[in-house]
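Notes follow the structure.
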Amino acid sequence: MAVATRARTLHWRAGEPVDLVLAGARVVDPVEGIDEALDVTITDGIISAIEPARETRSRLLVAPAFVDPHVHLRTPGGEHAESLASGTRAAAAGGYCAILAMPNTNPVVDTAATLGALVDRARTEAEVPVGFLAAISIGLRGAELTEMVELAESGAAGFTDDGKPVVSAGLMRRALQYAALVGRLLSLHEEEPTLSRGGHMHEGAVSAELGIGGWPSIAESAMVVRDLELARHEQQPVHFMHLSARESVEALRAAQVDGVAATGEVTPHHLCLTDDCVRSLNPNFKMNPPVRAEQDRRALLDGLCDGTIGAIATDHAPHAHHDKDVPFEAAAFGVTGLETAFAALYTRLVLSRELPLETLLERMSAGPARIFGLEVPRVAVGERANLTLVDVEAAWRASESGFESRSANSWLLGERLVSRVLMTIADGCLVHAS
């Protein structure tokens with residue numbers, strides 16, 4: 001089934017529209033300005049009534065369901081680590097009503113034929129609406145642009161070479177020009193490979209102490225600055241993926257003030273962790289880009305709170321055991337995140353009062369939806385229901401056996417988390433209940 005959006009199409013295997021009442025929960029929707037105990041009635045998948053709660057259940061939270069603009073579903077070619085079905089089940093369990101999948105698969109999503117095959121599979125396998133970003137360059141090699149017009153006409157939700165940077169400034173400029181022609185956003189993995197080469201963690205005191213190859217912040221921020229200038233020159237928008245460095249946030253903020261149409265995202269692990277975690281040599285703390293120093297973490301959090309960074313994205317990157325069950329420097333980069341994102345941020349940042357709940361909810365839902373031109377989930381009468389129900393007092397421990405994902409390379413394994421998604425409604429259909 002195809003779900004219409006303002007600018008493009010998401011695809012999934014839709015179920016029956018739901019009829020139910022979410023009664024007595026605290027309803028928080030920053031877009032609608034709602035924060036009170038309400039009864040929300042859903043009829044045939046549509047929010048049909050919002051009324052004062054007859055009875056209050058303080059531990060329950062109803063909020064707009066989440067939108068993740070950065071997910072690796074490993075399909076095609078990597079189904080041993082994740083599939084359309086398992087990855088979208090994980091998204092539903094995490095409270096997501098829509099996700100966007102990355103093209104660095106095998107084969108790469110760089111032709112209309114590969115994209116079309118994915119769309120067809122999503123219509124029979126996906127448990128929540130999913131869109132597909134196509135590659136900027138053929139084979140992610142950074143040498144030649146894909147047929148961006150054809151890919152956009154085939155339903156590409158945007159373009160990215162995620163996993164690799166677009167090293168050539170000339171190619172990036174042409175990509176911006178074609179993106180303008182087709183009305184799609186470029187999502188950029190920012191890395192100067194001659195600076196990051198040989199790096200396995202953030203370059204700093206901890207990498208020096210451990211004797212592990214360092215990946216300096218400037219490897220990211222130098223490319224951010226370059227692409228902000230290209231976006232300024234072409235007067236076209238760009239989106240920066242998984243920001244990690246203080247300097248990147250500062251450059252993005254200054255460019256936005258100067259009128260550049262640039263946006264950014266940050267992951268839960270970059271908001272919560274610093275490079276101190278690598279002292280354990282646990283390969284589940286190996287990410288691309290790496291988690292950095294406390295000043296970087298604080299800058300990311302400040303950027304999220306002041307709106308410089310408009311979206312939280314999981315960069316859900318599942319890996320099989322054999323890719324992670326090796327020494328740190330030999331391990332693959334990446335961690336899972338769809339099923340733990342809200343709980344991790346609520347536990348680590350909301351309960352500690354570093355991050356307001358309203359900001360968290362907006363950056364996980366309306367923020368990414370707006371950036372990518374998707375329908376914004378809202379708690380409003382007449383809206384198709386895209387909602388999540390959370391028990392904010394539920395305590396649980398993250399473990400390998402508790403995930404819908406086929407992979408368990410989570411940075412949170414063994415951690416006690418507070419808050420758990422009980423129900424997710426996507427496009428008016430019940431997609432998760434526990």
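The values are calculated or read from the model by the stated rules, or taken from the named source; none is laboratory data. Remember, it's a predicted structure, so these values are computed and weren't measured experimentally. Note: ideal-geometry Cβ built from the backbone for every residue, glycine included; neighbour counts use all protein chains shown. What goes into the accessible areas is simple: the full protein's heavy atoms, side chains included, and nothing from ligands, DNA or RNA. Shrake-Rupley method; radii C 1.70, N 1.55, O 1.52, S 1.80 Å.
A compact table of results
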item	result
Label-zone membership for the stretch 129-161, site His233, 7 angstrom Cα→C-beta point, backbone N under 19 Å	137, 142-145
Cα-centred dipole magnitude for the stretch 64-379, charges only on beta-carbon of K, R (+1) and D, E (-1), debye, nearest 20	240
Accessible area of the chain divided out per residue, in Å², using a probe of 1.4 angstrom	36
Coarse-grained scattering of the chain at q = 0.06, 0.11, 0.12, 0.14 Å⁻¹, given as base-10 log I(q)/I(0) from a Debye sum over alpha-carbon atoms	-0.22, -0.79, -0.95, -1.32
Carbon + sulfur, % of accessible area of the stretch 92-234 - ligands and nucleic acids excluded, 1.4 Å	52
Ordering of 35-41, 10-16, 277-283, 312-318 by burial proxy (mean other Cβ atoms within 10 Å per residue, highest first)	312-318, 10-16, 35-41, 277-283
Glu51-Thr194 pseudo-label distance in nm [points 7 Å out on the Cα-to-Cβ vector]	6.8
Peptides ranked, highest mean first, by Cβ atoms within 10 Å: ranges 43-52, 103-112	103-112, 43-52
Accessible area, probe 1.4 Å, largest first, for residues Ser58, Ser244	Ser58, Ser244
Residue-count net charge about Asp44 - beta-carbon cut-off 15 Å; Lys, Arg +1, Asp, Glu -1	-3
Burial order of peptide ranges 257-263, 157-163 (average beta-carbon count within 10 Å, highest first)	157-163, 257-263
Length-normalised contact order for the stretch 64-379 - Cα pairs under 8 Å, 6+ apart - percent	17
Student exercise, the stretch 158-236 dipole from Lys, Arg, Asp, Glu Cβ charges, in Debye to nearest 20	360
Bridge type composition, the chain - antiparallel percent by DSSP, nearest 5	65
Neighbour net charge for Ser410 - beta-carbon separation under 11 angstrom, K R +1, D E -1	-2
Simple Cβ-charge dipole of the stretch 1-150, Lys/Arg +1 and Asp/Glu -1, about Cα centre, in debye nearest 20	280
Cut-off 14 Å between beta-carbons: net charge of the residues surrounding Ala143, Lys and Arg +1, Asp and Glu -1	0
Nearest-0.05 FRET efficiency for His321 and Asp120, computed from C-beta distance (R0 30 Å)	0.50
Signed unit charges on C-beta, dipole axis of the chain, positive-most listed residue Val326, Gly199, His70	Val326
